[in-house]
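Encoded as structure tokens, the structure appears first; notes follow it.
The values are calculated or read from the model by the stated rules, or taken from the named source; none is laboratory data. Model, not experiment: these values are computed from the prediction. Here Cβ is always computed from backbone atoms with ideal geometry, including for glycine, and neighbour counts include all displayed protein chains. Surface areas here come from the heavy atoms of the whole protein model, side chains and all, with no ligands, DNA or RNA. Shrake-Rupley method; radii C 1.70, N 1.55, O 1.52, S 1.80 Å.
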Amino acid sequence: MRTRLVVPVVFLLSSLLLAQLTQQRRIVRPVNNVSIVRLQGTMHPRAFSGIDRGPVPAMMPLERMTLVFSRTPEQQAALEQLLAEQQDANSANYHKWLTPEEFGDRFGLAQADIDVVSAWLTAQGFQVEEVARARDWIAFSGIAAQVEAAFRAPIRSYVVAGEAHFAPSADLSIPDAFAGVVAGVTGLHNFAPRPRNISAKPRVTSSITGNHFVVPGDLGTIYNLPSYTNGAPCTGAPPTCLDGTG
């Protein structure tokens, strides 16, 4: 019986060691709000063309902001290789998908670094709402005054093309201990993506025209949904057929 337990124990220890090796700490310096770096290009470009109507109320709530983390060059290269292997029928990783937790263990931020960033957000007065299971972002909420103090970016009101908006009036700043780790912050403005005026001219799906069109039946066939067989819906009961319930 003891002999049989050797392999699982060794495998478990190897897995733990691998996780430690792939989750190296990236925040290695003390977090100091005095020593900061600026995140270039984080001010929304449409704010430049707007009419500045002054600062928003200090107590204006900003909900569900998101601090987004970058990957190291090594993580990015490994991710791109995995994505290619998952689509390669000759690869051992073909269609071997990762859970969010597995993705985080390989391509996310170390839990210790997540804890440091979460503690910093809390110290700035923010409420941490959620940490991504893949450990690549943290969602938090607060007010405009806290954003200005934490990121050195006052939130101001703008009128752009006759519409009222709010946005930071400067590029964001972060403690230099987060440099190369924090890629940006979302949810600090209310500019919505502008629609693109493109008129599609449907043709048959073709590698010659470059157009590709699908219908629900095609989607079912592409993803092997049991609701469809070659584009035709089946009429059985789940799990033989899926009707979307649940």
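What to note about this one:
- Residue check, F48 open to solvent by 90 Å² or more (accessible area, probe 1.4 Å) and over 16 Å from Q146 (Cα atoms): yes
- In the set (1) of a type in the set (A, V, I, L, M, F, W, C); (2) within 20 Å of the chain's Cα centre (by Cα); (3) modelled with pLDDT under 95, the condition left unmet by V160 is number (2).
- Hits in the range 151-169 - residues which are out of contact with any Leu (no Cβ under 8 Å at 6 or more places or on another chain), farther than 16 Å from R64 by Cβ and open to solvent by 30 Å² or more (accessible area, probe 1.4 Å): P154, R156, S157, V159, A161, G162, E163, A164, S169
- Tally, over the range 25-40, of residues that are β-branched (V, I, T) and assigned to a strand (DSSP E or B): 2
- Pick from the range 55-75, criterion in a loop (DSSP other than H, G, I, E, B) and of a type in the set (A, V, I, L, M, F, W, C), ranking: least open to solvent (accessible area, probe 1.4 Å): V56
- So Y228, is it at pLDDT below 95, of a type outside the set (A, V, I, L, M) and within 30 Å of F107 (Cα to Cα): no
- Considering only residues in the range 135-150 that are part of a strand (DSSP E or B) and among the β-branched types (V, I, T), the one that is least open to solvent (accessible area, probe 1.4 Å) turns out to be I138.
- Residue check for L17: assigned to a helix (DSSP H, G or I), open to solvent by less than 100 Å² (accessible area, probe 1.4 Å) and at pLDDT below 90: yes
- Residue in the range 76-93 that is open to solvent by less than 20 Å² (accessible area, probe 1.4 Å) and either polar (S, T, N, Q) or in contact (Cβ under 8 Å) with a residue 60 or more places away in the chain (or both) present: yes
- The range 104-134 - residue that is in a helix (DSSP H, G or I) and open to solvent by 50 Å² or more (accessible area, probe 1.4 Å) and, of those, nearest to T72 (Cα to Cα): R106
- Condition met for A110 (free of Cβ contacts under 8 Å to residues at least 60 places away in the same chain and within 19 Å of A177 (Cβ to Cβ)): no
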